[in-house]
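Before any comments, here is the structure.
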Amino acid sequence: MSMPSELALVLAGALLLALWIDRLWGEPPAVVHPVVGVGHYLNAVGRHLPDLPPWAAYVGGALAWCVGVAVLGGGAWWLQQALLAHLPVWLAVPVLALLLKPLLAWRMLRDEVQAVEDALAVSLDAGRQRLSRIVSRDTRALTETEVRESAIETLAENLNDSVVAPVFWFVLLGLPGAVVYRFANTADAMWGYRGRWEWAGKFAARADDVLSWAPARITALLLVVAAPRMAWFALPLEARRTPSPNSGWPMAAMALALQVHLGKPGVYVLNAQGRAPQAADTAAALIYASKSVLACAFAGSVAMLFIPMWGPLNG
C-alpha cells in the first residue's frame, strides 16, 4: 500500500467508520478498553509520586508520561504500518476503525449528559447523583440550575476531549496521534490537579494544554458554525474567563450559542448576561454538539483525502 491516495482513503474511511461504530454501539467492555488500560498504568506508576519531594515528583511524573507515550505511540505506529503494508484497503479500513473507535466517545458523552437531564426530571437529588458520574466536583449542594450548567459545560469541554481533539491528531498523524492525545488527556484528568498533585501532575497538565490548544479552538469554531446566530465576536473574551487556556473556548461557545450563562461557583461565569439554562437548553446543546461532530467528521475526512500530509506515515 504505497500510494498516498490509497493511504488517505484508508484513514478517511477508518475515521468515518469509527464514528459510525461509536454511534451504533458506544464503548467497548472495560476489560478491553485501551483508555481503561491507560488508567490502570497511570494509577500504578503514579501511586507514590505525590509523596516525593517536588523536584522528584515532577521528574518522575514527566518520565512516566514519556514512557507511556513512547510505548503506546510506538505500538500504535507499528500496528498502523503493519495494517497498511499487509492488508488490502477493504480490510485495513475496518481494522483501523476498530482500533480508533475506543479513542472516540461521542455516544457515551451524549448519553451521559442526557441522563443527567432525565434524572433532573425525576428529582434534584437524582440529577446530582447522575452528574457525579461525569464531573469531579462535589455535586451534593448544587442547585438545579448549577447541575444543568455543569452538565452542559461537560458536554462542551468533552466534545473537544473525546471527539474533536482525537480526530484532529488522527488527521495529522494517524492512529499514533490519536493514541498519544488520549493518553495525554487521561493523564491530565488523573494527575493534572492542584493540591498534592501540584508537582507530580504538572508535566501532564502542560502537555495536555499544548496538545489541546488548537483542537479546543476548532471545537469552538464548529459550535459557531452549528449555531449561526451566536454572538461569536464575544467568544475570545468569554473564553479567557476560565483558568484553563483551552476548556473555556468550547464552553464559552456553547454558552453563547444557547444564550445562557454557564459557570463554576466561585471560579468563573461565562456569558454572565445570559439567562439560566432550562431543560430545553440541554436538548439544544446536544443538537449543536451533534452537528459539530458531523462537521468534524466531514472536515477531517475531506482534509485526509485532499491535503497531502502523510508522507512520514506512508513508510
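Hey, any hits in the range 230-238 for a residue that's under 20 Å from VAL164 (Cβ atoms), aromatic (Phe, Trp, Tyr), surrounded by 14 or more Cβ atoms within 10 Å (Cβ to Cβ) and modelled with pLDDT under 95? Talk me through it step by step, then tell me what you get.
Residues of the range 230-238 under 20 Å from VAL164 (Cβ atoms): 230, 232, 235-236, 238.
Narrowing further to those that are aromatic (Phe, Trp, Tyr): 232.
Cutting the leftovers down to surrounded by 14 or more Cβ atoms within 10 Å (Cβ to Cβ) gives us 232.
Cutting the leftovers down to modelled with pLDDT under 95 gives us 232.
Yes: one or more hits.
List pairs: first in the range 270-288 and modelled with pLDDT of 95 or more, second of a type in the set (S, T, N, Q), Cβ under 6 Å, 6+ apart or cross-chain?
Listed by first residue and then by second, the contacts come to GLY274/GLN259; ALA276/THR145.
Yes/no per residue for (1) in contact with a Pro (Cβ under 9 Å, 6 or more places away or on another chain); (2) of a type in the set (Val, Ile, Thr); (3) at pLDDT 95 or above; (4) buried (at least 23 other Cβ atoms within 10 Å of the Cβ):
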residue: GLN129; (1), (2), (3), (4): no, no, yes, no
residue: ARG133; (1), (2), (3), (4): no, no, yes, no
residue: ARG148; (1), (2), (3), (4): yes, no, yes, yes
residue: PRO166; (1), (2), (3), (4): yes, no, yes, yes
residue: ASN185; (1), (2), (3), (4): yes, no, yes, yes
residue: ARG194; (1), (2), (3), (4): no, no, no, no
residue: GLU198; (1), (2), (3), (4): yes, no, no, no
residue: ALA205; (1), (2), (3), (4): no, no, yes, no
residue: VAL210; (1), (2), (3), (4): no, yes, yes, no
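Out of the range 113-137, which residues are among the acidic types (Asp, Glu) and under 22 Å from LEU159 (Cα atoms)?
Result: GLU117, ASP118.
The values are calculated or read from the model by the stated rules, or taken from the named source; none is laboratory data. Because the structure is predicted, anything quoted here is derived from the model rather than measured. So basically every Cβ, Gly included, is an ideal-geometry build from the backbone, and we count neighbours across all protein chains shown.
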